[in-house]
Structure formats: C-alpha cells, structure tokens
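These notes concern the structure reproduced below.
The values are calculated or read from the model by the stated rules, or taken from the named source; none is laboratory data. What you are looking at is a predicted structure, and each value in this text was computed from that prediction instead of being measured. Glycine also receives a Cβ, built like all others from the backbone with ideal geometry; neighbour counts cover every protein chain displayed.
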Amino acid sequence: MNKIKFNGSRVHIIGIGGIHMSAIARLLKERGLTITGSDLEETALTKDLKSEGITIFSQHDASNVSTADLVITTAAVKKNHIEITEAEKRGIPILRRSEAIAELIDGKKIIAIAGSHGKTSTSTLIATILKQSNFSPMYVLGGESQDLTKNSAWGSGIHCVVEADEYKRAFLDYEPDLEVITNIDADHLDDYGSRENYYNAFLQFAKKLKSSGLILLCGDDKGTGQLLSEITDTGLQYESYGFEETNTWVARDLNLNHSGARFELSGPSNFEHGLLEISVPGKHAVLNALAAAAVSLHEGVQFSSIQKTLKQFHGVKRRFELIGETKGISVIDDYAHHPTEVQATLETTRMRYTNHRLIAIYQPHTYSRTAYLWENWLNCWKGLDKLIILETYAARELTNQGKTANELADSITSTPTIYAATEQEAIEHAIQETNENTVILTIGAGNITNIAPKILEAIA
C-alpha cells in the first residue's frame with residue numbers, strides 16, 4: 001500500500017467514540033486536519049470530541065464519507081459496512097486503526113506495550129514519566145490518564161509510546177524499537193480460535209522488533225515465561241522483570257498497603273537503583289511500575305524523576321477509579337472484563353478496604369468471551385458479599401453467540417449472585433445491600449461506567 005499523506009486531509013473515522021479511535025482523532029485534529037466520525041452511541045467521550053471541534057454523526061450512512069480523503073476504521077467493523085462500501089466505491093483509501101497509527105508514528109523511536117492485561121496502565125505510566133521528564137513524547141493510549149490531558153499527543157521528542165492491541169492481530173502492524181509484553185492470558189478467542197493461535201500472535205509480535213531493539217517481558221507470568229524461553233536463541237535482545245530473583249529487573253522488599261506500595265528496584269549494575277513508591281494499590285500495579293521504570297531508565301530518564309512521577313501518579317480512568325464517597329459508602333469503577341483482571345481488582349479492593357461489605361455490579365463483555373472463559377467466570381468472584389450481573393454488552397456481536405448474563409448469574413455458586421435486567425434494577429439491588437461500611441464496584445468494559453455516578457446520586 002502506498003504511503004498515506006495526512007497533511008491537509010479530511011479524515012473520517014468509523015467508531016470514533018471508542019477510546020483507541022478517539023486517540024487518532026485527537027492526533028489528527030492537533031495536526032490541523034478536518035476530522036469527522038460516526039458512532040451510534042453518545043458518550044462522555046463523544047461529547048468531549050464534539051467540544052474539541054470534531055463533527056460526529058450519530059448514524060452510519062454513506063453520505064458521511066462523501067467529503068473524506070481518508071477513512072480510518074476499527075478492526076471490529078465488517079467489510080460490508082455501509083461507510084466502508086461507499087468509501088471503496090469512491091476510491092477513498094481505507095486504513096485500520098493500527099495501520100494509521102503505524103504510519104503516523106513512522107520515524108519515531110517506538111515503544112510498544114502489549115499484553116492481555118495491564119498494557120494501558122503500563123503505557124500510560126511510561127508516557128507520563130517521559131513527559132514529566134521533559135522528553136516530550138508522542139503517545140497513543142487506550143485509556144484516559146488522570147495525569148495527562150488527553151489519550152494522545154504529538155510531542156516534539158523522538159519517542160512514541162503506543163499501546164499495542166492484539167485484537168485482530170493489530171499489533172503486528174508495528175515495528176518497535178522497544179517492546180514490553182506484560183503477560184499472555186488467553187483472550188479474544190472468538191477471533192483467534194485457540195489459545196495456541198493467540199500465543200503465536202505474541203511470538204510474531206516479539207519478532208517484529210527492530211534488529212537493534214529490546215524486548216522487556218514479565219518473567220513471572222506463565223505465558224510470557226514461555227515466550228522468553230522461545231526467543232532465547234533467536235538473537236533478539238531481551239530482559240525480564242518481576243518479583244522472582246531470576247528476573248533482570250526485580251521488585252524487592254515489597255510493602256503493600258491500602259493506598260499503594262513501596263519496593264526496592266534492583267536491575268543491571270549500569271543503572272541507578274533505589275526505593276520506588278506508587279500511589280496505586282495492588283501487586284499488578286507494582287509490576288506495571290516496574291516495567292515503566294525499566295523502560296524509562298533505558299531511555300535515559302533520571303532515577304529521581306522516575307521516583308517523583310511514580311509517587312504522584314494518579315492512575316488511569318476506569319482502572320480502580322474512585323468515583324466518589326458518601327455516607328460511608330465508596331463507589332469504584334473498573335474496566336476489568338477478563339476473569340484474571342476481576343480477581344486482581346477484588347484482591348486490591350479487599351486489601352484497601354478491610355472490614356467493608358463488598359458489592360459488585362458486573363456487565364459481561366460479549367457473549368463469546370463469557371463462553372470461552374466460562375469456568376474462569378464461575379470462580380473469579382471470591383471475596384464478594386454480593387454480585388449483581390447486568391445484561392451483556394454485546395459490542396461487535398449482533399446476536400447471542402455464546403453464554404448469556406442470565407445463564408452466568410444462575411451458574412455461579414461460590415458467591416451470592418443475582419441477575420438484573422436493567423441498570424435501575426441493578427442500582428436498587430446494590431443499595432439494598434449496603435451499610436455504612438460498603439464498597440460498591442462497577443466492573444466491565446461496556447456502558448456500565450454510566451452506573452457509578454447514578455449510584456452516588458441515589459444514595460445521597
């Protein structure tokens with residue numbers, strides 16, 4: 001495919017309301033291009049984009065692309081989508097999100113963060129450290145940072161931090177100078193078909209590294225541990241990180257507390273080491289910070305700057321985000337949509353809120369993910385006093401292609417569980433279960449994020 005000239009272009013983005021697509025929209029708008037987009041659902045994010053001068057159509061229609069020089073689409077959009085069909089008819093170039101990003105970041109030193117879990121927080125941490133250390137990085141993130149103003153920025157420096165999503169093998173469009181792989185835990189099996197195919201995609205991603213580059217993998221994770229063993233004799237340069245002493249970078253003398261953690265960073269002798277503190281709770285947060293610190297040191301950031309940024313880092317929206325507190329009740333919103341992520345969230349909650357009643361409202365994300373991780377979903381809710389399951393957020397699935405939310409609620413026996421057909425019903429159930437020492441969690445990747453403020457309003 002010929003290189004796309006973005007300067008002066010009018011770009012239409014299908015699915016612009018998605019967090020990844022909004023990042024591209026903002027990048028191109030910052031560059032001075034005329035941006036339009038289409039998305040069926042109005043959210044806080046689409047409202048923000050409109051306020052930034054971006055035209056958003058609430059319906060998918062052929063006329064939406066009539067003035068476009070380029071169309072960018074999500075990987076989930078079908079080839080027969082009306083706007084895709086019209087763009088092809090008009091001879092308008094069409095790029096997948098990852099293809100567009102790959103072209104936009106060409107010429108930068110690319111730091112790509114991949115993994116089944118933790119890639120958003122890790123990439124956001126790296127971007128924040130580089131920015132606050134005056135490296136002025138370009139970044140394209142899959143979440144909204146509470147420290148950075150937006151989820152993307154051009155920057156004037158040589159670095160680009162990009163969250164490399166594995167869905168539809170999108171991360172294979174990048175040729176990074178430095179790769180971080182946080183973990184490999186079977187997901188997107190509706191697309192990959194098998195765990196083996198999913199794992200092999202990460203192996204392919206590892207081999208996309210530039211010849212002079214470095215791969216940083218979590219050595220404590222089973223999936224990345226296997227990957228580590230397979231790349232040992234390939235000539236690829238790599239380092240590992242984790243809690244185990246066999247890793248290149250180690251978090252020693254770990255002290256977890258209700259508000260965060262502190263640990264001693266140990267690594268290669270040619271780098272400065274010392275005490276690091278984070279204000280985000282949980283062992284998974286420590287691993288994210290450890291990876292970010294290792295990357296930053298490799299890129300020449302002063303250790304003291306890393307210390308300062310990590311200590312002040314507020315996290316990413318929808319990653320264990322405290323929405324509010326009232327009458328002794330805390331409401332927290334979390335993006336977890338995989339059993340492993342749910343377990344980490346609940347462990348963190350119990351550690352931070354001891355002797356509290358814990359209620360969760362969970363919205364399954366796609367019927368197929370519920371089905372292929374069925375046994376895991378039945379057993380990941382330990383520590384809850386009550387689980388309320390909302391109707392499935394189907395996302396790209398037009399029909400029930402797996403297990404329903406009602407089936408899941410009926411099948412969980414380890415935790416008191418009920419199904420709620422509507423948001424209002426879920427809110428009412430949650431409030432009925434509360435006392436003055438209660439935490440209510442809203443969990444999932446769908447539109448469940450809208451519920452947390454409504455709960456606070458209802459309690460007040």
Step by step: first the residues of the range 10-24, then only those that are of a type in the set (A, V, I, L, M) and under 18 Å from the mean Cα position of the chain (by Cα), then the one that is modelled with the lowest pLDDT. Which residue is that? Ile19
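For every residue, the table says whether it meets (1) modelled with pLDDT under 95; (2) within 21 Å of the chain's Cα centre (by Cα); (3) among the aromatic types (Phe, Trp, Tyr).
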residue	(1), (2), (3)
Glu239	no, no, no
Leu275	no, no, no
Ser279	yes, yes, no
Lys283	yes, yes, no
Leu290	no, yes, no
Glu299	no, no, no
Gln307	no, no, no
Arg318	yes, yes, no
What helices (runs of 4 or more DSSP H), lying completely within the range 387-460, carry at least 2 residues that are in contact with a Pro (Cβ under 9 Å, 6 or more places away or on another chain)? 405-411
Applying the selection to the range 268-294, what residues are closer than 19 Å to Leu228 by Cβ and surrounded by fewer than 20 Cβ atoms within 10 Å (Cβ to Cβ)? Pro268
Considering only residues of the range 262-279 that are assigned to a loop (DSSP other than H, G, I, E, B) and in contact with a strand residue (DSSP E or B) (Cβ under 6 Å, 6 or more places away or on another chain), which is nearest to Arg318 (Cα to Cα)? Ser279
Any chance you could count how many residues in the range 185-206 are touching a residue at least 12 places away in the same chain (Cβ under 8 Å) and surrounded by fewer than 14 Cβ atoms within 10 Å (Cβ to Cβ)? 1
Every residue from the range 382-394 that is surrounded by fewer than 20 Cβ atoms within 10 Å (Cβ to Cβ) and within 19 Å of Ala426 (Cβ to Cβ): Asp385, Glu391, Tyr393, Ala394
Answer residue from the range 13-31, given it is within 14 Å of Ile56 (Cβ to Cβ) and among the charged types (D, E, K, R) and is surrounded by the fewest Cβ atoms within 10 Å (Cβ to Cβ) among those: Lys29
How many residues, within the range 132-141, are touching a residue at least 40 places away in the same chain (Cβ under 8 Å) and surrounded by fewer than 21 Cβ atoms within 10 Å (Cβ to Cβ)? 3
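Filter the range 228-254 down to residues that are in a loop (DSSP other than H, G, I, E, B) and in contact (Cβ under 8 Å) with a residue 12 or more places away in the chain and give me whichever is surrounded by the fewest Cβ atoms within 10 Å (Cβ to Cβ).
Residue satisfying both the conditions and the ranking: Thr246.
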Scan Ile113, Ile129 and give me the residue that is buried (at least 24 other Cβ atoms within 10 Å of the Cβ), in contact with a helix residue (DSSP H, G or I) (Cβ under 8 Å, 6 or more places away or on another chain) and part of a helix (DSSP H, G or I). Ile129
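Quickly run through the range 41-65 and pick out the residues that are more than 22 Å from the chain's Cα centre (by Cα) and free of Cβ contacts under 8 Å to residues at least 24 places away in the same chain.
Hits for the range 41-65 are Lys50, Ser51, Thr55, Phe57, Ser58, Gln59, Asp61, Ser63.
Taking the options Asp191, Asp187, name whichever one is touching a Lys or Arg at 6+ places or on another chain (Cβ under 7 Å) and more than 14 Å from Ile110 (Cα to Cα).
Details: Asp187 fails: touching a Lys or Arg at 6+ places or on another chain (Cβ under 7 Å).
That would be Asp191, the only listed residue that is touching a Lys or Arg at 6+ places or on another chain (Cβ under 7 Å) and more than 14 Å from Ile110 (Cα to Cα).
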I'd like to check something: does the range 397-413 contain any residue that is within 27 Å of Ala285 (Cα to Cα) and either more than 19 Å from the chain's Cα centre (by Cα) or assigned by TED's automatic domain parsing to the domain that holds Tyr335 (or both)? no
In the range 82-91, anything crowded, with 17+ Cβ neighbours inside 10 Å and out of contact with any helix residue (DSSP H, G or I) (no Cβ under 6 Å at 6 or more places or on another chain) is listed as Ile84
Does the range 211-223 hold any residues that are surrounded by 13 or more Cβ atoms within 10 Å (Cβ to Cβ) and either touching a residue at least 60 places away in the same chain (Cβ under 8 Å) or of a type in the set (Gly, Ala, Ser) (or both), and which are they? Gly213, Leu214, Leu216, Cys218, Gly219, Asp220, Gly223
